[in-house]
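Here the structure comes first, spelled out in structure tokens, and everything after it is commentary.
The values are calculated or read from the model by the stated rules, or taken from the named source; none is laboratory data. The model shown is predicted, which means the values in this text are computed figures rather than measured ones. FYI the Cβ positions are ideal-geometry reconstructions off the backbone, even for glycines, and counts take in every protein chain you see. We work out accessible area using only protein heavy atoms, side chains counted, and drop any ligands, DNA or RNA first. Shrake-Rupley method; radii C 1.70, N 1.55, O 1.52, S 1.80 Å.
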Amino acid sequence: MSDRRLSRRTFLHATTASAGIFLLAGCNGASGGSDGDTGGEGEDDATETPTADVEMRDFDGWFDRTQNYDGVYDLTGESSVTIDVGAEGNGGGFAFGPAAVKISPGTTVVWEWTGNGGTHNVLHRGGEFESELTASEGATFEHTFDETGEYKYVCVPHETLGMVGVVVVE
Ligand SMILES: [Cu+2]
């Protein structure tokens, strides 16, 4: 049902919101509610903002050339997540943003072209999915991941610049 558009900006916002959760939790504890242990409700409200825990993984050097790789964004539990194609990174609009995501089986990943960085595509190295080559802003390509695993993919024109990504399905 939820179709959250997880742009880079959203992630930055989510990070800020996460920090806010801790601050709010501290405030609640300090103020001392009068009605006992009902403090959990505030956290429920806060988690409506997409939050992404980030975990560093190596992937056997897969991201050695990828300057914008900043960890695996845990987006498990989302029905759909969006990855920018042509995000800022690797010397221009030559990045997937975020470069690495973790999702649940059954999740649909939507790659959306930003229009930056020229012609891109999305090619899974194992042959599970392959988009067309395009430079068109707003173009999308999607794939639903039903099986667990690590799916490494590249943009063929910019692979050598580090425009590669991975989808972890757990
Ligand atoms: Cu590219």
Considering region 41-80 alone, what residues qualify as being assigned to a helix (DSSP H, G or I), open to solvent by 60 Å² or more (accessible area, probe 1.4 Å) and modelled with pLDDT of 95 or more? Asp60
Out of (1) touching an Asp or Glu at 6+ places or on another chain (Cβ under 8 Å); (2) within 12 Å of the ligand (Cβ to nearest atom), the odd one out for Asp74 is which? (2)
Looking at the structure I just gave you, is Ala52 more than 16 Å from the ligand (Cβ to nearest atom) and in contact with a helix residue (DSSP H, G or I) (Cβ under 7 Å, 6 or more places away or on another chain)? yes
Looking across region 112-127 at residues that are away from the ligand (no atom under 11 Å from the Cβ) and in contact (Cβ under 8 Å) with a residue 24 or more places away in the chain, the single one that is least open to solvent (accessible area, probe 1.4 Å) is His124
